[in-house]
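Right, one structure below, let's go through it.
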Amino acid sequence: DTAVSQTPKYLVTQMGNDKSIKCEQNLGHDTMYWYKQDSKKFLKIMFSYNNKELIINETVPNRFSPKSPDKAHLNLHINSLELGDSAVYFCASSLPLAGGHYEQYFGPGTRLTVT
Amino acid sequence: AQSVTQLGSHVSVSEGALVLLRCNYSSSVPPYLFWYVQYPNQGLQLLLKYTTGATLVKGINGFEAEFKKSETSFHLTKPSAHMSDAAEYFCAVSKSLIAGGGADGLTFGKGTHLIIQP
């Protein structure tokens, strides 16, 4: 059983297009995230959702919009794709730890290539 | 604000030699610290984590890390490297919701690429 799954694994598209990446977790976690990993492997959080509410929204362009139809899903919609959006996008969900911390479980990633 | 510094973007060791990957953090509140491993074209897998209590934590695949508050460090070690350890390693810090509010995820270091020489 895959804990956190993403589709598609690879996505190649042209500039200006609109695309979506889907994420599902079967762990029963309340909080889900999207991270972006750039070409230098640097990982940075983009969004987190807790019980269908956006908690944080890092300084990402508003062309990116997370949508959560239910607690188990957090999809990422990207409008008007640009070359700089090419990256690997990781979905994650988190398990609460003591002290208010969270342990995160990551999906396999979606490699987005914009041409 | 939190930050994580991983010294050495690339570390090369011989098979069977000691692996030492360095991580220093800054946090205004007691941190929880994590090491993740990423194999080529794969997602991130948790190696180990420090929360509270024992400062020497053991993880999967023979890795361990020691939390040293006085040095703000959380270095990752393995006594004997194996070819299968070749991967990208990330140190990360989380902030307690109690301390800061909001599920603000993990702050990652820039990663260390571990190369194992035969």
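The values are calculated or read from the model by the stated rules, or taken from the named source; none is laboratory data. Everything quoted here is computed from the prediction, not taken from an experiment. As a convention, Cβ positions derive from the backbone with ideal geometry for all residues, glycine included, and neighbour counts pool all protein chains shown.
Here are B:SER94, B:SER27, B:SER3, B:SER9: which of them is within 14 Å of chain A (Cβ to nearest Cβ), within 18 Å of A:SER94 (Cα to Cα) and among the hydroxyl-bearing types (Ser, Thr, Tyr)?
B:SER94
Got a number for residues in the range A:79-115 being more than 13 Å from A:LYS9 (Cα to Cα) and more than 11 Å from the chain's Cα centre (by Cα)?
22
Of the residues that make up the range A:29-50, is at least one more than 11 Å from every other protein chain (Cβ to nearest Cβ), more than 21 Å from B:GLY109 (Cβ to Cβ) and of a type outside the set (Phe, Trp, Tyr)?
No: zero hits.
Just to be sure, is B:VAL4 in contact with a Pro (Cβ under 6 Å, 6 or more places away or on another chain) and either within 28 Å of A:THR31 (Cα to Cα) or of a type in the set (Asp, Glu) (or both)?
It is false that B:VAL4 is in contact with a Pro (Cβ under 6 Å, 6 or more places away or on another chain) and either within 28 Å of A:THR31 (Cα to Cα) or of a type in the set (Asp, Glu) (or both).
Could you please give the count of residues in the range A:57-82 that are exposed (fewer than 13 other Cβ atoms within 10 Å of the Cβ) and of a type in the set (Gly, Ala, Ser)?
Here the count works out to 1.
Of the numbered conditions (1) more than 26 Å from B:SER9 (Cα to Cα); (2) assigned to a strand (DSSP E or B), A:VAL88 fails exactly one; give the number of that condition.
(1)
Within the range B:100-113, can one find any residue that is modelled with pLDDT of 95 or more, part of a strand (DSSP E or B) and crowded, with 21+ Cβ neighbours inside 10 Å?
Yes, that holds for at least one residue.
So, in the range A:1-42, exactly how many residues are surrounded by 16 or more Cβ atoms within 10 Å (Cβ to Cβ) and polar (S, T, N, Q)?
So the answer is 5.
Sort out which residues of the range A:91-115 are assigned to a strand (DSSP E or B) and modelled with pLDDT of 90 or more, and write them in order of number.
Selection gives A:CYS91, A:ALA92, A:SER93, A:TYR105, A:PHE106, A:THR110, A:ARG111, A:LEU112, A:THR113, A:VAL114.
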